[in-house]
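Colleague: Questions regarding the structure given below will be posed in turn.
The values are calculated or read from the model by the stated rules, or taken from the named source; none is laboratory data. Fair warning: this is a prediction, and the values are worked out from it, not measured in the lab. Counting neighbours? That spans all protein chains shown, and the Cβs are built from the backbone with ideal geometry, glycine included.
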Amino acid sequence: MEILFVASEVAPFSKTGGLGDVAGALPRALAARGHAVSVVTPRYGAIDPARHGLKPLHRAIRVRGEATTLWVKPGRAPIYFVEHERLFGGRAGLYGERGADYPDNAERFAYLARAALAIPAALRLRPRIVHVNDWQTGLLPYLLRHEHGHDPALAHARTVFTIHNLAYQGVFPKAAVPVLGLPWDVFRYEAMEFWDRLSFMKAALTFADALTTVSPTYAREILGPEFGAGLDAVLRHRTKDLTGILNGIDTAEWDPTTDRYLPAHFSAEALAGKAACKAALQRELGLPVRADVTLLALVSRLADQKGVDLVAAAFPALLEHDVQVALLGSGDRRYEEAFARAARERPDRIAARIGFDEGLAHRIEAGADVFLMPSRFEPCGLNQMYSLRYGTVPVVRAVGGLEDTVQDYDGWNAGTGFKFEEYSPQALVLAVRRALDVCRDRRAWAGLVRRGMAEDNSWERSAGRYEALYRTLGA
């Protein structure tokens, strides 16, 4: 089938989180299954065409009468970059800077949606599925119906909208309605109005033919007020159209047998290299090199969603045990300062690196014994799947994709990690203590490690489920 995939970020060209990873990997996985996939995304100022091997297209598209240049990254799933200097060029961020959103984000991403819909006619594509992602593409399902109803290139297209994180909704003042060229008819409760504001997320939830989110448990959670972010009633109205499909991971990029960032390689059958990675990581972080200490790790955006407040509060209780802690992340200044201070006070037990380092993230996954993900909510999560693949046992809160990807250890010979439910430092500490108890039993721990490494969290699995969904729409 022919698929047009639209996203505001695509790794490795642009990325702020899991959306970029998905948009970089899922189209390739679908193309590998024989589908004709084209990807559309902005060319942000930081994307250098020469460095990334982009080629200019000589056929421009027109968006509301304005000519727009396209660049393409050729490949099995070609990526088309929408050029617009004022809206996408010359900015340090994708969506904002210094914690503030760009004030013209509504205009920027309405433009992306219209540009994506102009591409099929210009390039002679005939997509049967237009797959759009998160609020930035939320207007596209409406625009397809109401501005391209007679476009032969899109005559048979159906839209799939994927919610990567319902907490980010693209909500703007209602004055944006005419600025974006929308009729006031859309500004009603049954369409895009949300508490007297215009919501791109609600637009997609209302007008897309099918809705997905990135794990089965999160698909259930967002139907209620705790996780529904004010849109649970809208989602309940569309329950029959909502499917939870787990994200996958890039098993070529995250492979402990070949990972270019690691000082030693290993597999489930030959784990000696993991011990070497642990020793090298301890040296790199300035921690005492000890094989017998349990090394706990956290690689995360430092935000309330990720439960880092629980980790900070749990430090005193965790340090009562013979553990070391390795932290990598950036985000909320409160947490950056708290973790940096903890590392200064206990440099023999805690190492904190504020910022992001891709290579170090891989080395932490490989060298740690236990990985902490105590998220307040987690639509899917990727690090727990990286951890499983690298033989690092996850300790997670039983929400969203964490619930779906980690099986709680049963005390015998089943399970791949440790889960807890109550959102409290005490519950996190109890789960870590369970892990430490099992860690002392080498045979039980080896079973946990090997079961985790045997899990299939590849994009091939996930792509097959998207393919099945597309077919239900007549593609």
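Colleague: Give me a count of the residues in the stretch 1-45 that are more than 28 Å from ALA155 (Cβ to Cβ) and loosely packed, with under 15 Cβ neighbours inside 10 Å.
Modeller: 3
Colleague: Collect the residues in the stretch 192-214 that are at positive phi and either crowded, with 16+ Cβ neighbours inside 10 Å or among the hydrophobic types (A, V, I, L, M, F, W, C) (or both), keeping them in residue-number order.
Modeller: If the condition is that a residue be at positive phi and either crowded, with 16+ Cβ neighbours inside 10 Å or among the hydrophobic types (A, V, I, L, M, F, W, C) (or both), then TRP195 is the only one that fits.
Colleague: I want to confirm something. Restricting to the stretch 416-457 and keeping residues that are in a loop (DSSP other than H, G, I, E, B) and without any contact (Cβ under 8 Å) to a residue 60 or more places away in the chain, which single residue is nearest to GLU403 (Cα to Cα)?
Modeller: GLU421
Colleague: Enumerate the pairs (first residue in the stretch 369-390 and in contact (Cβ under 8 Å) with a residue 60 or more places away in the chain; second residue anywhere and among the polar types (S, T, N, Q) and part of a strand (DSSP E or B)) with beta-carbon separation below 7 Å, excluding pairs fewer than 6 apart on the same chain, so at least 6 apart or on different chains.
Modeller: Note: pairs meeting the criteria are ASP369/THR294; VAL370/THR294; PRO379/THR213.
Colleague: Return the total of residues in the stretch 25-50 being modelled with pLDDT of 95 or more and under 15 Å from the mean Cα position of the chain (by Cα).
Modeller: 2
Colleague: While we're looking at this one, here's another question. For the subset of the stretch 206-224 comprising residues that are in a helix (DSSP H, G or I) and without any contact (Cβ under 8 Å) to a residue 60 or more places away in the chain, which member is nearest to GLY138 (Cα to Cα)?
Modeller: Step by step, filter the stretch 206-224, then rank; the result is ALA219.
Colleague: Taking HIS146, is it touching a residue at least 12 places away in the same chain (Cβ under 8 Å) and outside any loop (DSSP other than H, G, I, E, B)?
Modeller: Answer is no for this residue.
Colleague: What is the one condition in (1) under 23 Å from GLY181 (Cα atoms); (2) in a strand (DSSP E or B); (3) in contact (Cβ under 8 Å) with a residue 24 or more places away in the chain that LEU87 does not satisfy?
Modeller: (2)
Colleague: Please find, within the stretch 193-205, the residue that is farthest from PHE109 (Cα to Cα) out of those that are of a type outside the set (Lys, Arg) and in a helix (DSSP H, G or I).
Modeller: The selected residue is LEU205.
Colleague: Taking the residues in the stretch 90-111 that are part of a loop (DSSP other than H, G, I, E, B) and hydrophobic (A, V, I, L, M, F, W, C) as candidates, determine which candidate is farthest from ALA67 (Cα to Cα).
Modeller: Among those residues, the one meeting the criterion is ALA92.
Colleague: If the Cβ limit is 9 Å and pairs must be 6+ apart or interchain, which residue in the stretch 227-249 that is more than 22 Å from GLN305 (Cα to Cα) and not assigned by TED's automatic domain parsing to the domain that holds LEU382 pairs with which residue that is surrounded by fewer than 20 Cβ atoms within 10 Å (Cβ to Cβ) and among the acidic types (Asp, Glu)?
Modeller: Taking only residues 6 or more apart or on different chains, the pairs are ASP241/ASP209.
Residue by residue, here is whether (1) of a type in the set (Lys, Arg); (2) part of a strand (DSSP E or B); (3) in contact with a His (Cβ under 7 Å, 6 or more places away or on another chain) holds:
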{"site": "PHE5", "(1), (2), (3)": "no, yes, yes"}
{"site": "VAL10", "(1), (2), (3)": "no, no, no"}
{"site": "ALA23", "(1), (2), (3)": "no, no, no"}
{"site": "ARG28", "(1), (2), (3)": "yes, no, no"}
{"site": "ALA31", "(1), (2), (3)": "no, no, no"}
{"site": "SER38", "(1), (2), (3)": "no, yes, no"}
{"site": "THR41", "(1), (2), (3)": "no, yes, no"}
{"site": "ILE47", "(1), (2), (3)": "no, no, no"}
